[in-house]
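The values are calculated or read from the model by the stated rules, or taken from the named source; none is laboratory data. Predicted model, so just to flag it, every value in this text is computed and none were measured. With ideal geometry, Cβ positions are generated from the backbone for all residues, glycine too; neighbour counts draw on all protein chains shown.
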Amino acid sequence: MTEPMFPAPLPVARRVLTVTLGGMRTVHCARAVFTALTIVPGVAGAEVALGRVTLEHDGRATADLVRAAVEPLGYTVLDWREERAGLPLG
């Protein structure tokens with residue numbers, strides 16, 4: 001058995017950014033926010049509920065970048081909380 005030519009990439013520590021948004025009233029709003037978040041660099045996943053977004057990212061996404069993505073749609077960043085998630089398992 002031969003060793004791989006290149007080592008496997010190291011796992012990246014994930015961060016979780018929870019943002020409270022104002023102006024979201026319908027499911028359509030949640031879909032629009034989800035779509036707008038696709039431009040935010042480093043986002044690995046997003047969960048959007050009315051008034052709240054939870055982003056899993058690699059450290060590049062910030063509340064300011066989220067604000068820049070959603071404010072043109074008429075939503076307001078009211079509050080945010082950044083926390084570090086663990087390393088991915090597996």
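Some observations on this one:
- Candidates are the residues of the stretch 1-34 that are more than 19 Å from Asp58 (Cα to Cα) and polar (S, T, N, Q); the one that is modelled with the lowest pLDDT is Thr2.
- Scoring Gly86 on the criteria (1) at pLDDT 95 or above; (2) outside any strand (DSSP E or B) leaves a single failure, condition (1).
- Per the listing Thr76, Thr62, Thr38, the residue uniquely loosely packed, with under 11 Cβ neighbours inside 10 Å and polar (S, T, N, Q) is Thr38.
- For the stretch 52-67, a tally of residues being over 15 Å from Val33 (Cβ atoms) and assigned to a helix (DSSP H, G or I) returns 1.
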